[in-house]
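The values are calculated or read from the model by the stated rules, or taken from the named source; none is laboratory data. Model, not experiment: these values are computed from the prediction. For neighbour counting, all protein chains shown are included, and Cβ atoms are generated from backbone atoms with ideal geometry for every residue, glycine included.
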């Protein structure tokens, strides 16, 4: 559910960025706050992925929980 919300926010943010590229920077503080919230959501998702286990591609029954391996896989 969290990822779906981020995808929807990303869609809206991309549309807003395209609009601002054509018609100038936003003057309303609400749009700027929305953009900052989007950035926080993306950073949160990136950090969360560094602590989420994944399935070993060579052995689907094995779950990788080592933080160093998870970071290498994610990068």
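For residue 12, state whether it is at pLDDT 80 or above and assigned to a helix (DSSP H, G or I).
Working: at pLDDT 80 or above: yes; assigned to a helix (DSSP H, G or I): yes.
Yes: the conditions hold for residue 12.
Quick one: in the stretch 45-72, of everything that is over 23 Å from residue 4 (Cβ atoms) and not in a loop (DSSP other than H, G, I, E, B), which residue is nearest to the chain's Cα centre (by Cα)?
The qualifying residue nearest to the chain's Cα centre (by Cα) is 71.
Could you tell me which numbered condition residue 39 fails, if it satisfies all but one of (1) within 30 Å of residue 12 (Cβ to Cβ); (2) over 17 Å from the mean Cα position of the chain (by Cα)?
Only one criterion in (1) within 30 Å of residue 12 (Cβ to Cβ); (2) over 17 Å from the mean Cα position of the chain (by Cα) is unmet by residue 39, namely (2).
Under 6 Å between Cβ atoms, at least 6 apart or on separate chains: pull out the pairs that start in the stretch 18-39 with a residue that is within 20 Å of residue 7 (Cβ to Cβ) and end on any residue that is surrounded by 10 or more Cβ atoms within 10 Å (Cβ to Cβ).
38/9; 38/13
Keeping to the stretch 15-33, report how many residues are in contact with a helix residue (DSSP H, G or I) (Cβ under 7 Å, 6 or more places away or on another chain) and in a helix (DSSP H, G or I).
2
Considering only the stretch 40-54, I want to know if a residue exists there that is in contact (Cβ under 8 Å) with a residue 40 or more places away in the chain and either surrounded by 10 or more Cβ atoms within 10 Å (Cβ to Cβ) or on the phi > 0 side of the Ramachandran plot (or both).
Taking every residue of the stretch 40-54 in turn, at least one turns out to be in contact (Cβ under 8 Å) with a residue 40 or more places away in the chain and either surrounded by 10 or more Cβ atoms within 10 Å (Cβ to Cβ) or on the phi > 0 side of the Ramachandran plot (or both).
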